[in-house]
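Enquirer: Here it is, the structure, as structure tokens.
The values are calculated or read from the model by the stated rules, or taken from the named source; none is laboratory data. Note that this is a predicted model, so its numbers are computed, not measured. Here the Cβ positions follow ideal geometry from the backbone for every residue, glycine too, while neighbour counts run over all protein chains shown. With ligands, DNA and RNA removed, areas are computed over all heavy atoms of the protein, side chains included. Shrake-Rupley method; radii C 1.70, N 1.55, O 1.52, S 1.80 Å.
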Amino acid sequence: MEFIELSTGCYYFKSAVNIGYIVTEDKSKGMLIDAGLESSAAKKVIKQLRSEELPLTHLFITHAHADHFGGAFYIQQNVDVHTIAPALEEAIMRNPILEPIYLSNGNSPLNEMRNKFLEAPAIRVDEICSEGYLEPFPEVQVIHLPGHSYNQHGILFRGILYAADAFLGKDVLQKHKIPFIVDASENIATLHKLKMIDVEGMVPGHGNFVTEYKNVIQDNILIHEQITLEVQNVINHSSDFGISFENIVASMLMKYEVEPANLGSYSLFRTAISAHLIQLLENESAVYKIMGGKPVIFSVSYKA
């Protein structure tokens, strides 16, 4: 884990899951932005900040995915921090089983779904935030960035935007093939919003800090638009009997040469593909009908 200074008072811990850090000019307050997957990452962060004699008074969690707040419990147990999180996301942080529950379509999840990648330790949230400015940090602007998660927010401080998982770095984007999102329309709107923001650089949740961020964001837009198009193609090329949701997921996984290793991984891909399908249904680019005890998806040319 590398500790990198981006500009005055702006840093990030470069890792598989990036962790941001900002500090006021008088060094009276310092805030972590996310906490990594588990306690080992949090331990390294605390050790580094102490060695640099940098304060840790606040913790901001951008969204309620385990890889971004899994280390928060350790931080709260070892440091007196004021924890801030967005509405709805904070409910999952306080009740982390909600993530494997929603990935299990609302059912009580199988034990294999209850792992550190899908269910982090529960944490307390001291303050619920929304888009705007944070009172303890007058220079900090909270930016609403939904799509990857229901109510994800990023942090803008002194020209650096900590964008969480609103976009992926170029190298990570290709690796993921079908990036996780919960709302395709919101996701695209957020990506276009990011392109309009004028900053010195952006830190994604996964990938390298970028100054030429507009190009990277455009790559993200193209990837997501292509996935939506591929889902549409699967539906359009189905028979007159339509295609089941499960077969849409299977067709997309085969198209992108993805072989999920377990049910948890499959559930993440299924949710992402569902987001693109829902966008098509909402835009009336596809229709569905309950047939044979299951929802069947048809192209718009289908006649009931």
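Enquirer: Roughly how many whole Å is it from the C-alpha centroid of region 78-148 to that of region 231-272?
Expert: Taking the Cα centre of each part, region 78-148 and region 231-272 sit 28 Å apart.
Enquirer: Which residues' amide hydrogens lie under 5 Å from the amide hydrogen of Val296, considering only partners 5 or more residues apart or on another chain, with H built in the peptide plane?
Expert: Lys289, Ile290, Met291
Enquirer: Next question, about the same structure. If the cut-off is 19 Å between C-alpha atoms, which lysines fall inside it for Lys44, apart from same-chain ones fewer than 8 positions away?
Expert: Lys14, Lys116
Enquirer: Through the Karplus equation 6.51 cos²θ - 1.76 cosθ + 1.60, θ set to phi - 60°, convert the phi angles of region 259-271 into ³J(HN,Hα) values in whole Hz; use x for Gly and Pro.
Expert: Rounded to whole hertz, the list is 10, x, 7, 7, 5, x, 4, 4, 4, 5, 5, 4, 5.
Enquirer: Return the Rg/Rh ratio of region 113-249 with Cα-based radii and a Kirkwood Rh.
Expert: Numbers: Rg = 17.5 Å, Rh = 16.8 Å.
Using only Cα positions, Rg/Rh for region 113-249 is 1.04.
Enquirer: Would you mind checking which residues have amide H under 5 Å from Ile123's amide H? H placed 1.01 Å from N; only 5 or more apart, or other chain.
Expert: HN-HN under 5 Å from Ile123: Arg94.
Enquirer: Which far-off residues, 5 or more places away or on another chain, put their amide H under 5 Å from the one on Cys129, with H placed in the peptide plane?
Expert: Residues meeting the amide H criterion: Ala85, Ala87.
Enquirer: Moving on to the next point. Tell me, what is the percent relative contact order of region 176-286, built from C-alpha pairs under 8 Å that lie six or more residues apart? Write out the running numbers ahead of the final one.
Expert: On the way: 83 pairs, mean separation 46.1, N = 111.
Reported relative contact order: 42 percent.
Enquirer: Let me know the volume per residue of the alpha-carbon convex hull for the chain, in Å³. Could you put the intermediate results ahead of the total?
Expert: Values: hull volume 39.0 nm³, N = 304.
Cα-based convex hull of the chain, divided per residue, equals 128 Å³.
Enquirer: Please compute the per residue accessible area over the chain with all protein chains in place, 1.4 Å probe, rounded to a whole number of Å².
Expert: Values: 14020 Å² over 304 residues.
It amounts to 46 Å² per residue over the chain.
Enquirer: Using Cα positions and a limit of under 17 Å, work out the lysines in reach of Lys195, with same-chain residues fewer than 8 apart set aside.
Expert: Output for Lys195: Lys170, Lys214.
Enquirer: Quick one: Karplus J couplings for region 17-28, per residue in order, coefficients 6.51, -1.76, 1.60, θ = phi - 60°, nearest Hz, x for Gly and Pro?
Expert: So the Karplus estimates, Gly and Pro as x, are 10, 5, 10, x, 8, 10, 9, 5, 4, 8, 6, 8 Hz.
Enquirer: Separate question: Please return the longest range in the chain lying between exposed loop sites, taking trypsin sites (Lys or Arg not before Pro), DSSP loop only, at most 13 other beta-carbon atoms within 10 Å, and leaving the sites out.
Expert: Working: sites that count: Lys27, Lys116, Arg124, Lys303.
The reported range is 125-302.
Enquirer: Just need the relative contact order of region 230-283 here, percent rounded to a whole number, with Cα pairs under 8 Å and 6+ apart. Walk me through the numbers before you get to the answer.
Expert: Details: 20 pairs, mean separation 23.3, N = 54.
Here the relative contact order equals 43 percent.
Enquirer: Which is the longest part of the chain that has none of the GluC sites (Glu not before Pro) sitting in a DSSP loop with at most 10 other Cβ atoms within 10 Å?
Expert: Numbers: sites that count: Glu25, Glu53, Glu212, Glu257, Glu284.
Answer from the scan: 54-211.
Enquirer: Between Ser40 and Asp240, what FRET efficiency follows from the Cβ-Cβ distance if R0 is 45 Å, with the result rounded to 0.05? Could you put the intermediate results ahead of the total?
Expert: Values: r = 54 Å, r/R0 = 1.21.
The pair Ser40/Asp240 has a calculated efficiency of 0.25.
Enquirer: Still on this structure, please answer the following. Using each residue's phi in region 66-82, evaluate 6.51 cos²θ - 1.76 cosθ + 1.60 at θ = phi - 60° and report the 3J(HN,Hα) Karplus result to the nearest Hz, with x for Gly and Pro.
Expert: 4, 6, 9, 10, x, x, 5, 4, 4, 4, 5, 6, 10, 9, 7, 10, 9
Enquirer: May I ask you to derive the relative contact order of the chain, considering only C-alpha pairs under 8 Å and at least 6 residues apart, and to give it as an integer percent?
Expert: Values: 585 pairs, mean separation 40.3, N = 304.
With pairs under 8 Å counted, the relative contact order is 13 percent.
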